[in-house]
Every structure is written in C-alpha cells, then in structure tokens.
Amino acid sequence: MHEGVDRAGRQLYPAFPYDHFTKATDDDIHALYVFLMGQPPVPNAIPANKLEFPLNFRPLVAGWKILFLREDPLPRDASKSPEWNRGRYLVEGLGHCGGCHTPRNILGAEEKGSAYSGGAAEGWQAPPLNSKSLAVHEWTADQLAEYLSTGWSRWHGAAAGPMAGVVNDLAQAQSKDVRAMATYIASLSPQSGSNVAAPAPNKQVPGTSADVIAIFGGACANCHDDRNDVGPSKTVSLALSSAVRQPGSANAVRAILAGIQPPPGAPGAYMPAFADMLTDHQIASLAEYVRARYTNEPQWTDVSQQISNARQ
Amino acid sequence: MTIVINVNDKPQAIEADPSTPLLYVLRNELALHGPRFGCGLGQCGACTVHVDGRPTFSCLLPIAAVGERKITTLEGLLEDGKPNKLQQAFIDEQAAQCGYCISGMVMRAQALLRANPSPTDGEIRKHMRPNLCRCGTHAAILRAIKRAAAGQEKRL
C-alpha cells in the first residue's frame, strides 16, 4: 500500500493507486488487513499480464515511481480545521478521488500542477472539482455531503457511471467522514459558479428539427419539465446538470443510453435507458439540442464518437 | 400530421402530434388495449411493447421516434388468433389478479424467452425487474414463464 510492491518485492502497476494509498496511516492499513483477512478465502487464478512490450517489463515501474511516487505522509495544515485535515487525509489517501478527477500525463501519472482539474474514468468524464468547476452553483460542503452519501443533489444532479458505485459505498461510511471529505473538496473550488450565466428558460434553439423537438417533448419532458424545481424521478433542471455542462458529451450521452439507477434496494434518482428506444441519430440530435437549449457553452463536437464508444 | 408506423405487422397511418407517446396511439388510435398507462415515467413497465423485438416503455417513445421499426403489442403475439405458448402458460397458471401489469409482463418475458429459451430462475428475475406488480402476483408470473420455457425445451 505504501510502496507499490507485492509480497515478493515485484513492482505493482499504479493502476492500483498506491500513489494515493501511500498516504494512509499504518493503523488504517492494519485495519484494512484485519478486515480483508476476515473474509472467506476463494480460489482465484490470476490472469497473465497482457500488456504490450515494454510496459510488461515490471522493473520499469521503479523508474515511474522515482518520478511520481511521493511516500511522505501528508503534513497537518494547522491553519485549517481538524475536519478539513481529516477530509484531506481521506480524499488524498484511501479515497483517491484524484485518480479520476485529476488529468494524467503521457506516462499515466496525475498532473500534480492540475490537481482536480478533471479527468476520465471508464468512458465517463470526471468533472473538475477545483476552480475550473463548471457548476452553475458553487458546490458547498452541505451539497457535497448530501451528494456523496445519497448520490443526488438538488443543485447538480445525480451520480452516474463509476461515481454511482462510489456514492453507494460512501453511503455506508460514517457521516462525519463523508462530511470531512465534503469540507475538503468544497475548499478546492471557492467562488466557482458565481460568473456563470444560466440560459433563459424555454430558450429557443433555431434550426432544431421538428422531430427532435417532438422527441424531447414525448420522451424527456415529462420528467425534465422546467416548471418543476425537482421533477418526477428526482430530475433537476438540465440547466444545472453537471453532465450537460461538461466540455465533452460523454456523460450526457451515457446517461441517455444507460439511464440512471437508484442505489440497490433504496429510493433515489431514476432515468430510463434510451439505448433501445431511440436510434443513435436521434440521441445525437437530442444531446446537441439539450446542450444548446440549456447552456450558453459551445456546442459539443464529439457526440457521434461518444455514442459509438458507449455502444461498444 | 400523418405518421405511418408498423404495428403488429400492419402499416398504420396515424394522425397525431408527433410528440405523442406510442402508448396513447396504440390504445386510442388503434384500439390495442394490451399496453397500459401505469406511470408515464418508464418506471412500472405496464406499457411494455416490442420495438424490433426489444422490450420498450411505450409511454416514453414519441411516435416521431419510431421510424421504420416494427412495433409488437400483446395482441401481436397471438398465433392464428390463439394465445401463443407464453400467453397460454399465463392462462394455465392463472397468473393474474387485477391483470393490469400482465401485458407488460408477457411482453418482457417473451423477449427473454426468444433470446434465452431456458433461463434460470435468477435470469428470469433479473430480466423481469423493470416490470412492477402491485397485487403480489410475482410467484405465479414466474411459474408461468418457467412453464413456457419448459414447454419450449420439450418441443426441442
């Protein structure tokens, strides 16, 4: 966990995020060990490494580590509250949020100078959490705490894609720890959102075909009805939606195709999957329509590509 | 505005607003009362029909989006006017109380059996998840689906 080597001393690939786990205390790692070793053992044949040469040469990872692994623990910041410090310990360490939310360089390491400027995970975009945040309303610690433990915020939308798994797990974490993480993350984006001009409600989008307007009206508008603050199935206005505001269309396209599920066995936000209902062309037109109608940002240029990526 | 859609293998010319959900057109314009309105939000499955054989919420599919795709309703599963194997299995198991969810259940199950003629119990339950029943008829519905699946197996 600290050094990124296995029992035999071989290098581990940093896909296992020991560049974050290295910040965990010995006590926490010990507790994890006790928990894991208490689980029933299962037989598992580990698959062979299929990386292309030279990546399959493990000793090269030692070079990566010299460049990018910092094993020193996080120093306390005495100017900040204990809650902030706890949050930073969790977020930078075991939480490894930067693993998705920070861009990576050509060697696959997080760009420390651009921490939390946004990244990617499993085809989805992980939005920026720092001053580059595109949210209409600044994420407060309260909103983040609600979002991280329930997967929904009235001001931003629902968690989807890999983040849905994260919030489902955080729902089981102690609320004071989630609160601490929220406090730390909120501190990364002070004063964001204050300069964003939201588009007018019922903004017309010239050049939209009648078909697309009809499809939006019949397939989307029952829930995404701007007359409601919070619509059926916990919809929030698309003008506030994180997915619609990202520079790329991946999140919006994937939400349309696969829908959004509530947490297992619990109530929550829901969106049907339109993958079988609408054609790629219809989904592309809808995505572009939503982008134009609900934001004043430049139109997406990657919609068809994102649909085809998501369909694979 | 007239839109032509293919329903149960017949082209139908529909005069309706293009944003009208398919469900209303099937029930009102075409008098096909199999699919039903339960929620209008894609959450209950009472409106389930097939679009090119795939189970779909017809409450959320505007007719403007249908295009050339073929729509099949409960009525379209009949063979020579008689219930098909799955429909007969529902009748034989008396798998209905109020009956409101059943059309959707049959459509959802039919798609499963076409793709997987001998599903396990787990596969049936997982596949049927999008369809809700408020009367608690689930056990009978599952028996009906298994009965139809077993029947298909024997035929092979």
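The values are calculated or read from the model by the stated rules, or taken from the named source; none is laboratory data. Because the structure is a prediction, the values reported are computed rather than measured. As a convention, Cβ positions derive from the backbone with ideal geometry for all residues, glycine included, and neighbour counts pool all protein chains shown. For accessibility, only protein heavy atoms count, side chains too; no ligands or nucleic acids. Shrake-Rupley method; radii C 1.70, N 1.55, O 1.52, S 1.80 Å.
Here are some notes:
- Of A:265, A:259, all but one fail to be modelled with pLDDT of 90 or more, within 14 Å of chain B (Cβ to nearest Cβ) and at positive phi; the exception is A:259.
- Subset of the range A:138-180 [farther than 18 Å from residue A:242 by Cβ and open to solvent by less than 30 Å² (accessible area, probe 1.4 Å)]: A:177, A:178, A:180
- For the range A:65-111, taking the residues that are in contact (Cβ under 8 Å) with a residue 60 or more places away in the chain and of a type in the set (Phe, Trp, Tyr), the one that is farthest from residue A:19 (Cα to Cα) is identified as A:84.
- Matching entry among A:269, A:258 (being of a type in the set (Gly, Ala, Ser), under 19 Å from the mean Cα position of the chain (by Cα) and open to solvent by 40 Å² or more (accessible area, probe 1.4 Å)): A:258
- Leading residue by the ranking (farthest from the other protein chains (Cβ to nearest Cβ)) among those in the range B:18-43 that are part of a helix (DSSP H, G or I) and either at pLDDT below 95 or surrounded by 22 or more Cβ atoms within 10 Å (Cβ to Cβ) (or both): B:26
- If only residues of the range B:54-67 that are among the hydrophobic types (A, V, I, L, M, F, W, C) and either more than 24 Å from residue A:234 (Cα to Cα) or part of a strand (DSSP E or B) (or both) are counted, the one that is farthest from the other protein chains (Cβ to nearest Cβ) is B:66.
- Qualifying residue in the range B:95-102 (condition: open to solvent by less than 50 Å² (accessible area, probe 1.4 Å), in contact (Cβ under 8 Å) with a residue 12 or more places away in the chain, of a type in the set (Phe, Trp, Tyr) and not assigned by TED's automatic domain parsing to the domain that holds residue B:39): no
- Number of positions in the range B:49-77 that are open to solvent by 40 Å² or more (accessible area, probe 1.4 Å) and closer than 18 Å to residue B:145 by Cβ: 2
- Residues within the range A:268-282 that are more than 11 Å from every other protein chain (Cβ to nearest Cβ) and within 19 Å of residue A:222 (Cα to Cα), tallied: 2
- Hits in the range A:9-29 (condition: under 21 Å from residue A:91 (Cβ atoms) and open to solvent by 40 Å² or more (accessible area, probe 1.4 Å)): A:15, A:16, A:25, A:26, A:27, A:28
- Which numbered condition residue A:49 misses (of (1) over 30 Å from residue A:185 (Cα atoms); (2) modelled with pLDDT of 95 or more): (2)
- Taken together, A:56, A:44, A:85, A:49 contain a single residue that is within 25 Å of residue A:132 (Cα to Cα) and either open to solvent by 40 Å² or more (accessible area, probe 1.4 Å) or not small (Gly, Ala, Ser) (or both), which is A:85.
- Leading residue by the ranking (nearest to the chain's Cα centre (by Cα)) among those in the range A:224-246 that are more than 13 Å from residue A:268 (Cα to Cα) and surrounded by fewer than 17 Cβ atoms within 10 Å (Cβ to Cβ): A:229
- Condition met for residue A:95 (of a type outside the set (Val, Ile, Thr) and either open to solvent by 30 Å² or more (accessible area, probe 1.4 Å) or part of a loop (DSSP other than H, G, I, E, B) (or both)): yes
- Any chance residue A:132 is within 19 Å of the chain's Cα centre (by Cα), free of Cβ contacts under 8 Å to residues at least 12 places away in the same chain and farther than 18 Å from residue A:181 by Cα: no
- Of the listed requirements (1) touching a strand residue (DSSP E or B) at 6+ places or on another chain (Cβ under 8 Å); (2) of a type in the set (A, V, I, L, M); (3) farther than 27 Å from residue A:176 by Cα, residue A:126 misses just one: (3).
- Filtered residues of the range B:3-17 (kept if more than 12 Å from chain A (Cβ to nearest Cβ) and open to solvent by 30 Å² or more (accessible area, probe 1.4 Å)): B:4, B:6, B:8, B:9, B:10, B:11, B:12, B:13, B:15
- Failed item in (1) surrounded by 15 or more Cβ atoms within 10 Å (Cβ to Cβ); (2) assigned to a loop (DSSP other than H, G, I, E, B); (3) without any contact (Cβ under 8 Å) to a residue 60 or more places away in the chain, with residue B:46 passing the rest: (3)
- Matching option when the condition is under 12 Å from the mean Cα position of the chain (by Cα) and at the interface with chain A (Cβ under 10 Å from one of its Cβ atoms), among B:51, B:106: B:51
- Qualifying residue in the range A:236-252 (condition: within 14 Å of chain B (Cβ to nearest Cβ) and in contact (Cβ under 8 Å) with a residue 40 or more places away in the chain): no
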